[in-house]
Amino acid sequence: MQATNILMEYLVSHINLSDVAIALLGLFIFSCIIQKVTNKGPMLWPVMGIIPTVFFHFNHTYEWVTEALIKSGGTFYYRGMWMGNAYGIITADPSKLEYILKTRFRNFPKGKYYRDRFFDLLGDGIFNADGDTWKEQRRAATLEMHSSRFVEYSFQTIQELVHIKLLKLIEKLVISKESIDLQDVLLRFTFDNVCTAAFGVHPGCLSIDLPDVPFAKAFEQATELTLFRFTVPPFIWKAMKLFCFGSEKELKKAVGVVHKFAEKAVCNRRTECYKLGGLSDRSDLLSRLTELRETEDVNRPTKYKFSEKFLRDFCISFILAGRDTSSVALAWFFWLLSKNPQVEYKILNEINEILSHRKSKNEIMDVVLTIDELKQMEYLQAALSESLRLYPSVPLDLKEVQEDDFFPDGTMVKKGSRVLYSIYSMARIDGIWGKDCKEYRPERWIKDGKFVSENQFKYAVFNAGPRLCVGKRFAYLQMKMVAASVLLRYSVDVVKGQDVAPKLTTTLYMKNGLIVNFKPRE
Ligand code: HEM
């Protein structure tokens with residue numbers, strides 16, 4: 001104690017404030033020089049890391065990350081706040097994506113960082129799982145979703161929703177000459193659609209009076225409040241959770257509503273399955289998985305394969321994965337069409353050409369497009385893929401590094417660090433998509449009149465490798481059905497003067513929505 005006092009007295013009498021300031025300034029300049037020499041990316045400040053730079057560019061973060069990636073040759077190191085344990089690389093290099101998402105897939109899982117934050121909402125659901133838990137769900141999802149039974153059923157749900165709800169709502173808006181936020185309408189559409197496909201339950205968000213549906217509201221809140229956990233240091237949200245206050249209190253409430261809804265659906269389905277001895281009349285994912293037994297021997301029925309908790313988590317993950325992705329994609333697509341009327345013209349030509357092969361002719365308002373007709377719409381497929389290229393529904397994704405690793409070009413990543421990849425930026429880099437990369441040009445997808453898909457790691461919009469989006473085919477059918485059915489009947493006029501810009505979150509929403517008017521085609 002005495003020694004400490006003596007030391008303090010010595011320091012106070014021999015060091016004055018200006019010496020401390022000079023020393024700190026020296027340290028600051030030194031670390032700036034070190035970081036400039038060792039890192040080609042944006043400035044990493046002492047103590048605060050990349051935070052001040054991000055804060056400074058907050059209003060145009062995606063553009064700033066893109067610029068930084070271009071300047072650094074495609075990859076740079078980042079570091080968060082001191083002691084925050086956030087560090088790693090940000091990349092837009094397709095060869096690195098291949099390494100992360102395929103070559104060394106096991107070394108780059110979603111990881112603990114992601115899982116800790118999403119666990120309350122998603123539990124062990126596919127979107128939040130790694131290893132064997134993920135593999136089992138992935139196998140079940142792929143098998144069921146690619147079965148002809150599910151494809152037929154899900155297409156029927158899309159058709160019904162478009163004709164009974166979406167087009168009816170648009171008709172009403174045309175008569176009343178009202179403008180509407182198209183993004184909101186599409187979000188309601190996909191929420192209803194994914195719930196019907198996953199649970200066999202219609203939440204009713206797209207009813208004509210656009211009601212507030214408690215389950216949908218709770219789902220949205222639960223997702224937003226979960227994402228908030230990514231923006232604050234863990235000790236803050238963990239303390240808030242422990243004492244159940246602020247956003248964590250709200251999150252608990254919202255998660256409770258979501259879980260109750262899902263548990264009720266699962267429980268009802270299991271009861272129905274017990275009573276009827278099977279669910280052969282139902283084709284939604286929940287029913288298909290509820291029915292499965294450990295071995296499929298009819299003479300010796302064994303216990304059910306999946307627990308109720310497994311089914312609940314599976315369905316919630318599905319809703320999260322499929323709820324907003326295709327709706328925001330469609331919102332950007334309609335906006336891009338308003339700026340590129342020549343593309344809209346070509347889409348209409350294609351639809352009319354395909355309809356001209358029908359034996360019996362319908363009035364336009366009575367046309368119900370079939371799955372085969374949608375499959376023939378190659379230019380529409382290109383136009384949707386091109387809008388997703390420029391405005392990917394998941395603009396930035398991340399993986400955690402399990403063990404120290406070296407990329408083939410020598411870039412090193414440490415165990416526990418995180419690899420972020422900017423899909424938004426990849427679309428805007430000449431070296432990846434050519435000099436015209438910033439242009440909306442569906443023609444880049446067409447070769448000899450046919451749609452040709454791109455390398456997964458260059459076009460990682462649906463992720464790539466073993467975790468490629470399982471809903472990709474479903475999403476294209478859904479988007480094509482909505483786009484073609486609406487465009488055939490109406491022109492979608494974007495109201496002038498609105499600020500159309502992306503919101504900074506994990507899904508590329510338009511931050512102010514998209515206000516439009518519908519006009520019937522002449
Ligand atoms: C335009 C529409 C869509 C886009 C751009 C998209 C994109 C993605 C991306 C980037 C991932 C990887 C996320 C990650 O691991 O971090 C993913 C995974 C997934 N998507 Fe989609 N998605 C779309 C629509 C859908 C739909 C409609 C469904 C369901 C009906 C769906 C179901 C899933 C599932 C279950 C996963 C998890 C796969 C796994 O981890 O193995 N997606 N999607």
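Under the condition of being under 30 Å from S147 (Cβ atoms) and within 16 Å of the ligand (Cβ to nearest atom), the residues counted in region 425-450 number 1.
Restricting L210, L161, L166, L186 to residues that are under 30 Å from F518 (Cβ atoms), more than 15 Å from the ligand (Cβ to nearest atom) and at pLDDT 95 or above narrows the list to L166. Residue check: is F118 open to solvent by less than 30 Å² (accessible area, probe 1.4 Å), in a helix (DSSP H, G or I) and touching a residue at least 60 places away in the same chain (Cβ under 8 Å)? Yes; evaluated as a whole, the condition is true for this residue.
G277 fulfils the conditions (1) on the phi > 0 side of the Ramachandran plot; (2) crowded, with 21+ Cβ neighbours inside 10 Å except for a single criterion, (2). When residues in region 389-429 are screened for being in contact with a Leu (Cβ under 6 Å, 6 or more places away or on another chain), within 23 Å of D130 (Cβ to Cβ) and assigned to a loop (DSSP other than H, G, I, E, B), 2 of them pass.
Scanning region 93-115 for residues that are within 14 Å of the ligand (Cβ to nearest atom) and crowded, with 21+ Cβ neighbours inside 10 Å yields L97, I100, L101, F108.
Per-residue answers, yes or no, for (1) open to solvent by 20 Å² or more (accessible area, probe 1.4 Å); (2) within 30 Å of G431 (Cβ to Cβ); (3) at pLDDT 95 or above:
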residue	(1), (2), (3)
N455	yes, yes, yes
P466	yes, yes, yes
C469	yes, yes, yes
K472	yes, yes, yes
Q478	no, no, yes
M481	no, no, yes
S491	yes, no, yes
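Applying the criterion of at least 1 residues that are modelled with pLDDT of 75 or more and within 22 Å of S417 (Cα to Cα) to the helices (runs of 4 or more DSSP H) found wholly in region 1-79 leaves 51-56, 61-71.
Against the list (1) in contact with an Asp or Glu (Cβ under 9 Å, 6 or more places away or on another chain); (2) of a type outside the set (S, T, N, Q); (3) open to solvent by 30 Å² or more (accessible area, probe 1.4 Å); (4) over 22 Å from N193 (Cα atoms), the condition Y379 fails is (3). Within region 502-522, the residues that satisfy the criterion of being part of a loop (DSSP other than H, G, I, E, B), of a type in the set (A, V, I, L, M, F, W, C) and open to solvent by less than 20 Å² (accessible area, probe 1.4 Å) are L508, L514. For region 478-493, filtering for residues that are under 16 Å from I354 (Cα atoms) and among the hydroxyl-bearing types (S, T, Y) leaves 1. State whether one or more residues within region 239-250 are assigned to a helix (DSSP H, G or I), of a type outside the set (A, V, I, L, M, F, W, C) and exposed (fewer than 15 other Cβ atoms within 10 Å of the Cβ). Checked region 239-250: at least one residue is assigned to a helix (DSSP H, G or I), of a type outside the set (A, V, I, L, M, F, W, C) and exposed (fewer than 15 other Cβ atoms within 10 Å of the Cβ). Of the set (1) assigned to a loop (DSSP other than H, G, I, E, B); (2) under 22 Å from the mean Cα position of the chain (by Cα); (3) within 30 Å of V174 (Cβ to Cβ), all apply to M479 but (1). In region 209-233, the qualifying residues are those that are of a type in the set (A, V, I, L, M, F, W, C), closer than 29 Å to M81 by Cα and not in a loop (DSSP other than H, G, I, E, B), and the one that is most open to solvent (accessible area, probe 1.4 Å) is F228. One residue is enough: does region 146-161 have a residue meeting the conditions under 22 Å from the mean Cα position of the chain (by Cα) and outside any helix (DSSP H, G or I)? Checking region 146-161: at least one residue is under 22 Å from the mean Cα position of the chain (by Cα) and outside any helix (DSSP H, G or I).
Taking every residue in region 279-291 that is free of Cβ contacts under 8 Å to residues at least 60 places away in the same chain and pairing it with any residue that is open to solvent by less than 10 Å² (accessible area, probe 1.4 Å) and of a type in the set (G, A, S), at least 6 positions away or on another chain, the pairs with Cβ-Cβ distances below 7 Å are L279/S287. For region 399-415, the condition holds for no residue, the condition being that it is open to solvent by less than 50 Å² (accessible area, probe 1.4 Å) and closer than 30 Å to K359 by Cβ. Which one of these does S95 not meet: (1) in contact (Cβ under 8 Å) with a residue 40 or more places away in the chain; (2) among the hydroxyl-bearing types (S, T, Y); (3) touching a strand residue (DSSP E or B) at 6+ places or on another chain (Cβ under 6 Å)? So the condition that S95 fails would be (3).
The values are calculated or read from the model by the stated rules, or taken from the named source; none is laboratory data. Because the structure is a prediction, the values reported are computed rather than measured. Reconstructed Cβ throughout: ideal geometry from the backbone, glycine too, with neighbour counts over all protein chains shown. The accessibility values were calculated without ligands, DNA or RNA, using every heavy atom of the protein model including side chains. Shrake-Rupley method; radii C 1.70, N 1.55, O 1.52, S 1.80 Å.
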